[in-house]
Amino acid sequence: MKMGALAAVAGLMGLAGAALADVKVGMVVTLSGPPAALGQQAVDGFQLALDDLGGTLGGQATEFIVEDDELKPEVALSKANGLIEAEEVDFVVGTIFSNMLQAIFRPITESETFLISPNAGPSTFAGNACSPFFFVTSYQNNQNAEAMGAYAQDAGFAKVFMIAPNYQAGRDNMEGFRMHYDGEIVGEVYVPLGHQDYSAEIARIATSDADAVFAFTPGGMGVRFVRQFRDAGLADRMQFMSVFTTDETTLPAQKEAAEGFLAAGNWAPDADGETSEAFVSAFETKYGYVPGGYAMQAYDAAMLINSAVNAVGGDLSDKDAVRAALRAADFQSLRGTFSFNANHYPVQSFYQLSVIEREDGNWATSKGTLIFENYEDSFAAECNM
Amino acid sequence: MSTLEAAPPVTRPVAPLVIAGAIFALLALTPLFSELYGGAYVTSLAVRAMILAIVAISLDLLMGHAGLVSFGHSAFVAIGAYVAGIMVTEGAQEMALILPTAILCAAGFAALSGAICLRTSGVSFIMITLAFGQMVFFGLGSLAQYGGDDGLTLWSSPEVFGTRWLTSKEGIYWVVLLTLITTWALTHRIVGSRFGRVLRAARQNPTRVASMGYSVFRYRLTAYIIAGVVSAIAGVLWATHAAFVSPSLGSWQRSGDLIVMVVLGGMATRNGALIGALFFILLEEVLSSITHDWRLIFGPLLVLIALHARGGLVGLLDRVRGAAA
Amino acid sequence: MSTTLILIQLLNGLQLGVILFLIAAGLTLVFGVMGFINLAHGVQYMLGAYLAVWLYGLTGSFLVALILALPLALALGLVLEFLVFRHLYDRDHLSQVLATFGVILFLNQLVKVLFGPASLIVPVPEFLDFSIPIVDGLRYPAYRLALIASGLLVALLLWLIIAKTRVGMLIRAGATNPDMVSALGVNVRQLFLVVFGFGAMLAGFAGVMAAPVFSVEPGMGDNLLIVAFVVIVIGGAGSIRGAFVAALLVGLVDTLGRMLVTDGLRLVMDPSSANQIGPAIASMLIYVLMALVLFWRPEGLFAPKAAR
């Protein structure tokens, strides 16, 4: 309340100069270590939205502060405290990883600052630990895997081999895949996070009689796994399906090794619709690489904030009004239809994606058939707020 | 006995006290300053720095005085933090229960691993402590019911005899500061005692100390347990402060950071570990607010300090003072 | 558990083993001969990999990149030696730790600034870009076999140098009794420089060879450095033979352990708990191995006779 009041007072007294922005947004994402590419997409996506809006959100001068959580919980916590206490931001946008979100969730929501996640969407905060101050513009973490499982069921793959790193998100994604898949799971392997050499797992896959593989091997793990899978000649024998494994952050390194591999997601850079096409071409011109879902969801987060600030006429002191405005999700999402469920997680459609080489020689995912329309996550019922 | 008594005093008595007093006074005034700028950001940064300082001081007892470079010290922090996290999750929020449990767990682990580690010395000791640290790290990461690698959010906060004062921002700040001062004072009581002199003498010449009838092993094991318990207490405080624990608290990188803090500040000096930890966090914070690529500055700075400041920051301070006098 | 799987795991274990050996060889000499703890040794592996990425981008040929990368890795090692390390030989181990830790932070960040944070990749050289069928439907990439072979070849060469040449004799003598070597009028500084440069080049070689198999990313050497330290401690500091045996041992224990532990646990508990605990125990195995070796033989398996 304090900072909202301060901002209002400053506005009334006409103090808001160039240095004193009317809207302050802090972003906490991972910009160090191998997964830094994901965080960079989020920063660039948000920045592009700000540029499109002339540096304003809801017509108010906006200051955008970017912090690197270094993928260390205590650093994330310290940075988040800095944003809410020293910078007194109105919105925190973050994080990429669920464990970073866990580290900053309590202090931010308890300070009654709005927290908007452009990627991480853990089940805890969708269910019983949901918060009136928390919104997600991406998905509930399991949803992509759920969609992939539904696709595998429809496509008639009778036997699937599953592989994931041995941590919470890995197990969640395996559970998610099982949700709509009734076929036989012929193998389920967990590797350590950051695993380098997949030949043992590949040998297992080869000796199983699976029709398809379902993988959740994010970032550098995916780069290695996909290439080793292709090198072992398995790509010709079975279908490769994955989530967070062949996306625009890993494809520059995977290239033809990932050709024809399938994924499930809420958007792809070749999605139709004018806003999406304009976004992709502007993004590529400005940053020189293909935007992935991380950039898209951050762009949408900026547009969401823009719509909310507009709706309350720049007065951020009334938290309930701001929340209602955010809830309305009155903006044109790059992915088409988008609305918030009761737990502030999105209700959106999921598609089958496949990896293609574009005409300009870049590799990207391409949107295929619709798997789920206006799909809700399965934890919303546990949320009381 | 006489040779032990004759061991040279670790530091000159008066000046280090003044410096420590100034640091503690500054830390005590930080909540006041934070009213002017930064609020809980500054205090929470200070809490983090102080908790690390507590751990660093306990590590210096091992590194500086006993000559035992532990590369698995952060495991004790993780043990303390996880005891708090798990007990709170299971509904045992009473600090009067949590703290003794954490102390017992840490002491037990220290006694067990120490009994094995202390059979070795030098680089072997560094590596075998690393081995135990890694075992704790991987072990905590496999606790799926407590969040696995993602870590564990403490949805409610520890209580002190049913009250909540510890979880207020002021409460935790003063408790951590008080723990830091106590650790600092206690460590120097230990270091100055006969126990400390035996440890130091054994660092230089274990055979001789053994021939004088002291069990070097027992003295070292006791020091190892003390350091582990102090770090576990720091871990409980961290869990209370951050309301979040994760296995990364016990990773080898954290243990390495701790060693760097102690060496940076100056080993076996009254204030080295304290100054090293505070300086490390402060510098990291200042540099990373200037640029995301702050390690390009921080790295070379560490190299320069290693090359040119023998005895770490405290040694540097002494020389500056010496030159001025 | 099929024999094929075990065979493949053996090959994988060997592969990890030779990479570890290439890194550990330099590390153990630098530590054994010079008594110098060089945490930045893993960074030299990373620099090798990035040199491969950069030179491949310039030349388009993996072989040319490899040939050019080796002298460059050597040169980078010598630059580091000249700027930082040579001032640390007389200092205590912990000053060395502090300084080389600073070097790690700097170089990890530098490659991130120069090459970006994302994982990069070097394609497998064309003449090795095929795979050899091991059993029906399962192929093992030829490049990996070449990697194992080249690692073993380097090990043999190293052994010849150490056992048969004058420099090798001095290195051996230096590892057992450095004071004696300098008393005999050998320029120890020059010997150090040779050992150091050579170690940096070996780590760089490992990095280049690993680049087509593993992804190249900032900080990729940090974890391997820790495992390389495990290797030299098990093998005995200063012993090339020890490093070789220990590297293969660690490589095999780690890879086979990952397969066997989880499967073994499945026999005695339900699969989901086995999936839960198995990988954690498998990750601990090499550390347990090291703790056991240190417990029974604190000097390592093949430590040179005299005290360090």
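Within the range A:73-98, track down each residue that is crowded, with 23+ Cβ neighbours inside 10 Å and part of a loop (DSSP other than H, G, I, E, B).
Listed by number, the residues that qualify are A:V89, A:D90, A:T95, A:I96, A:F97.
What number of residues within the range C:111-156 are assigned to a strand (DSSP E or B) and in contact (Cβ under 8 Å) with a residue 12 or more places away in the chain?
Step one: of the range C:111-156, the residues assigned to a strand (DSSP E or B) are C:120, C:131-135, C:138-141.
Add one more test, that the residue is in contact (Cβ under 8 Å) with a residue 12 or more places away in the chain, and what stays is C:120, C:132, C:134-135, C:138, C:140-141.
Counting residues in the range C:111-156 that are assigned to a strand (DSSP E or B) and in contact (Cβ under 8 Å) with a residue 12 or more places away in the chain gives 7.
Check off (1) assigned to a helix (DSSP H, G or I); (2) farther than 26 Å from C:P141 by Cβ for C:G238 and give me the number that stays unchecked.
(1)
Within the range B:246-290, restricting attention to residues that are among the polar types (S, T, N, Q) and assigned to a loop (DSSP other than H, G, I, E, B), which residue is nearest to the other protein chains (Cβ to nearest Cβ)? Reasoning before the result, please.
First pass over the range B:246-290, keeping only residues among the polar types (S, T, N, Q): B:246, B:248, B:251, B:253, B:255, B:269, B:271, B:288-289.
Add one more test, that the residue is assigned to a loop (DSSP other than H, G, I, E, B), and what stays is B:246, B:251, B:269, B:271.
Details: B:S246: 5, B:S251: 9, B:T269: 13, B:N271: 17 Å.
Restricting to residues being among the polar types (S, T, N, Q) and assigned to a loop (DSSP other than H, G, I, E, B), the top hit is B:S246.
To keep it simple, each residue is scored yes or no on (1) facing chain C (nearest Cβ under 10 Å); (2) not in a helix (DSSP H, G or I).
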{"site": "B:A111", "(1), (2)": "no, no"}
{"site": "B:I116", "(1), (2)": "yes, no"}
{"site": "B:R119", "(1), (2)": "yes, yes"}
{"site": "B:M135", "(1), (2)": "yes, no"}
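The rows are residues; the columns are (1) at pLDDT 95 or above; (2) of a type outside the set (F, W, Y); (3) in a helix (DSSP H, G or I).
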{"residue": "A:F279", "(1), (2), (3)": "yes, no, yes"}
{"residue": "A:A282", "(1), (2), (3)": "yes, yes, yes"}
{"residue": "A:P291", "(1), (2), (3)": "yes, yes, no"}
{"residue": "A:Y299", "(1), (2), (3)": "yes, no, yes"}
{"residue": "A:A302", "(1), (2), (3)": "yes, yes, yes"}
{"residue": "A:S307", "(1), (2), (3)": "yes, yes, yes"}
{"residue": "A:L316", "(1), (2), (3)": "no, yes, no"}
{"residue": "A:R323", "(1), (2), (3)": "yes, yes, yes"}
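Out of the residues in the range A:99-146 that are assigned to a helix (DSSP H, G or I) and among the aliphatic types (A, V, I, L, M), which is nearest to the other protein chains (Cβ to nearest Cβ)? First the steps, then the outcome.
Within the range A:99-146, the subset assigned to a helix (DSSP H, G or I) is A:99-110, A:123-126, A:143-146.
Those still in the list that are among the aliphatic types (A, V, I, L, M) too: A:100-101, A:103-104, A:108, A:126, A:145.
Details: A:M100: 10, A:L101: 9, A:A103: 5, A:I104: 8, A:I108: 12, A:A126: 14, A:A145: 16 Å.
For the range A:99-146, the residue satisfying everything is A:A103.
At the interface with another protein chain (Cβ under 9 Å from one of its Cβ atoms), crowded, with 24+ Cβ neighbours inside 10 Å and assigned to a helix (DSSP H, G or I), is that true of A:A37? Talk me through it step by step, then tell me what you get.
On the way: at the interface with another protein chain (Cβ under 9 Å from one of its Cβ atoms): yes; crowded, with 24+ Cβ neighbours inside 10 Å: yes; assigned to a helix (DSSP H, G or I): yes.
Answer is yes for this residue.
Among the listed residues B:L180, B:L166, B:L199, B:L186, which satisfies the condition of being within 30 Å of B:F24 (Cα to Cα) and touching a strand residue (DSSP E or B) at 6+ places or on another chain (Cβ under 6 Å)? Reasoning before the result, please.
Details: B:L180 fails: touching a strand residue (DSSP E or B) at 6+ places or on another chain (Cβ under 6 Å); B:L199 fails: touching a strand residue (DSSP E or B) at 6+ places or on another chain (Cβ under 6 Å); B:L186 fails: touching a strand residue (DSSP E or B) at 6+ places or on another chain (Cβ under 6 Å).
After applying the criteria, what remains is B:L166.
Would you call B:A306 within 8 Å of chain C (Cβ to nearest Cβ) and either under 24 Å from the mean Cα position of the chain (by Cα) or farther than 30 Å from C:L114 by Cβ (or both)?
Spelling it out, B:A306 is indeed within 8 Å of chain C (Cβ to nearest Cβ) and either under 24 Å from the mean Cα position of the chain (by Cα) or farther than 30 Å from C:L114 by Cβ (or both).
Only one residue in C:Q96, C:Q15, C:Q9, C:Q44 is touching a Phe, Trp or Tyr at 6+ places or on another chain (Cβ under 7 Å) and assigned to a helix (DSSP H, G or I). Which one? Working first, answer last.
Working: C:Q15 fails: touching a Phe, Trp or Tyr at 6+ places or on another chain (Cβ under 7 Å); C:Q9 fails: touching a Phe, Trp or Tyr at 6+ places or on another chain (Cβ under 7 Å); C:Q44 fails: touching a Phe, Trp or Tyr at 6+ places or on another chain (Cβ under 7 Å).
Answer to the selection: C:Q96.
Out of all the residues in the range A:175-185, is one or more facing another protein chain (nearest Cβ under 10 Å) and either of a type in the set (S, T, N, Q) or farther than 21 Å from B:L140 by Cβ (or both)?
Taking the range A:175-185 and keeping what is facing another protein chain (nearest Cβ under 10 Å), we get none.
Among the residues of the range A:175-185, not one is facing another protein chain (nearest Cβ under 10 Å) and either of a type in the set (S, T, N, Q) or farther than 21 Å from B:L140 by Cβ (or both), which makes the answer no.
Would you check which residues across the range A:49-71 are part of a loop (DSSP other than H, G, I, E, B) and under 19 Å from the mean Cα position of the chain (by Cα) and list them?
Taking the range A:49-71 and keeping what is part of a loop (DSSP other than H, G, I, E, B), we get A:53-55, A:58-59, A:69-71.
Scanning the range A:49-71 gives A:D69, A:E70, A:L71.
Quick one: count up the residues across the range B:144-184 that are away from chain A (no Cβ under 14 Å), part of a strand (DSSP E or B) and either touching a residue at least 12 places away in the same chain (Cβ under 8 Å) or buried (at least 18 other Cβ atoms within 10 Å of the Cβ) (or both).
2
When C:V208 is evaluated against the numbered criteria (1) over 20 Å from the mean Cα position of the chain (by Cα); (2) β-branched (V, I, T); (3) within 30 Å of A:Q254 (Cβ to Cβ), which criterion, by number, is the only one it fails?
Answer for C:V208: the failing condition is (1).
Pairs needed: first member in the range B:26-46, without any contact (Cβ under 8 Å) to a residue 24 or more places away in the chain; second member anywhere, surrounded by 19 or more Cβ atoms within 10 Å (Cβ to Cβ) and among the hydroxyl-bearing types (S, T, Y); C-beta distance under 6 Å; at least 6 residues apart or different chains.
B:S34/B:T43; B:V42/B:S34
Taking the range A:315-358 as the search range and keeping residues that are at positive phi and surrounded by 18 or more Cβ atoms within 10 Å (Cβ to Cβ), which one is farthest from the chain's Cα centre (by Cα)?
Our first condition is that a residue be at positive phi; within the range A:315-358, this holds for A:329, A:336, A:344.
Right, trim to surrounded by 18 or more Cβ atoms within 10 Å (Cβ to Cβ) and you get A:329, A:344.
Values: A:A329: 17, A:H344: 15 Å.
The selected residue is A:A329.
Only one of A:Y198, A:Y289 is more than 24 Å from the chain's Cα centre (by Cα), within 14 Å of chain C (Cβ to nearest Cβ) and of a type in the set (S, T, Y). Can you tell me which?
Details: A:Y289 fails: more than 24 Å from the chain's Cα centre (by Cα).
The conditions single out A:Y198.
Check whether at least one residue in the range C:62-69 is modelled with pLDDT under 95 and within 14 Å of chain B (Cβ to nearest Cβ), and report yes or no.
no
Condition check: surrounded by fewer than 24 Cβ atoms within 10 Å (Cβ to Cβ) and touching a residue at least 40 places away in the same chain (Cβ under 8 Å). Does B:W252 satisfy that? Spell out how you get there, then give the answer.
Details: surrounded by fewer than 24 Cβ atoms within 10 Å (Cβ to Cβ): yes; touching a residue at least 40 places away in the same chain (Cβ under 8 Å): yes.
Considered against the rule, which asks whether it is surrounded by fewer than 24 Cβ atoms within 10 Å (Cβ to Cβ) and touching a residue at least 40 places away in the same chain (Cβ under 8 Å), B:W252 comes out as yes.
Just wondering, is there one or more residues in the range C:166-175 that are in contact (Cβ under 8 Å) with a residue 40 or more places away in the chain, in contact with a Lys or Arg (Cβ under 7 Å, 6 or more places away or on another chain), more than 14 Å from chain A (Cβ to nearest Cβ) and not in a strand (DSSP E or B)? If you could, list the steps in order and put the result at the bottom.
Taking the range C:166-175 first, the residues in contact (Cβ under 8 Å) with a residue 40 or more places away in the chain are C:171-172, C:174-175.
Next cut, in contact with a Lys or Arg (Cβ under 7 Å, 6 or more places away or on another chain) only: none.
Looking through the range C:166-175, none of the residues is in contact (Cβ under 8 Å) with a residue 40 or more places away in the chain, in contact with a Lys or Arg (Cβ under 7 Å, 6 or more places away or on another chain), more than 14 Å from chain A (Cβ to nearest Cβ) and not in a strand (DSSP E or B).
Provide a single number: the residues in the range C:231-264 that are among the basic types (K, R) and touching a helix residue (DSSP H, G or I) at 6+ places or on another chain (Cβ under 6 Å). Explain how you work it out, then say what you get.
Applying the first criterion (among the basic types (K, R)) to the range C:231-264 yields C:241, C:258.
Narrowing further to those that are touching a helix residue (DSSP H, G or I) at 6+ places or on another chain (Cβ under 6 Å): C:258.
Summing the residues that are among the basic types (K, R) and touching a helix residue (DSSP H, G or I) at 6+ places or on another chain (Cβ under 6 Å) in the range C:231-264 gives 1.
From the residues in the range B:61-93 that are assigned to a helix (DSSP H, G or I) and of a type in the set (F, W, Y), which one is nearest to B:L274 (Cα to Cα)? Quick ask: steps written out before the conclusion?
Start the filter on the range B:61-93 by keeping residues that are assigned to a helix (DSSP H, G or I), which leaves B:61-65, B:74-89.
Going one step further and asking which of them are of a type in the set (F, W, Y), we end up with B:76, B:82.
Working: B:F76: 18, B:Y82: 25 Å.
Among residues in the range B:61-93 that are assigned to a helix (DSSP H, G or I) and of a type in the set (F, W, Y), the one nearest to B:L274 (Cα to Cα) is B:F76.
If I filter the range A:252-275 for residues that are over 18 Å from A:E359 (Cα atoms) and assigned to a helix (DSSP H, G or I), do I get at least one hit?
yes
What are the pairs, 6+ residues apart or on separate chains, where a residue within the range C:273-295 that is more than 7 Å from every other protein chain (Cβ to nearest Cβ) and closer than 15 Å to A:A164 by Cα has its Cβ under 9 Å from a residue that is of a type in the set (D, E) and surrounded by fewer than 20 Cβ atoms within 10 Å (Cβ to Cβ)?
Listed pairs, sorted by first residue: C:A274/C:D263; C:G278/C:D263.
Tally up the residues in the range C:74-110 that are more than 11 Å from every other protein chain (Cβ to nearest Cβ) and either in contact (Cβ under 8 Å) with a residue 40 or more places away in the chain or among the aromatic types (F, W, Y) (or both), please.
Here the count works out to 7.
Inspect the range C:258-270 for any residue being of a type outside the set (F, W, Y), assigned to a helix (DSSP H, G or I), touching a strand residue (DSSP E or B) at 6+ places or on another chain (Cβ under 8 Å) and within 14 Å of chain B (Cβ to nearest Cβ) and give the result as yes or no.
yes
When the residues of the range A:162-188 are narrowed to those that are in a strand (DSSP E or B) and of a type in the set (D, E, K, R), which ends up surrounded by the fewest Cβ atoms within 10 Å (Cβ to Cβ)?
First, the residues of the range A:162-188 that are in a strand (DSSP E or B): A:162-165, A:184-188.
From the residues that got through so far, the ones that are of a type in the set (D, E, K, R) too are A:184, A:188.
Values: A:E184: 13, A:E188: 18.
That would be A:E184.
The values are calculated or read from the model by the stated rules, or taken from the named source; none is laboratory data. Quantities reported herein were computed from a predicted structural model and do not represent experimental measurements. Note that each Cβ is placed from the backbone with ideal geometry, even for glycine, and that neighbours are counted across all protein chains shown.
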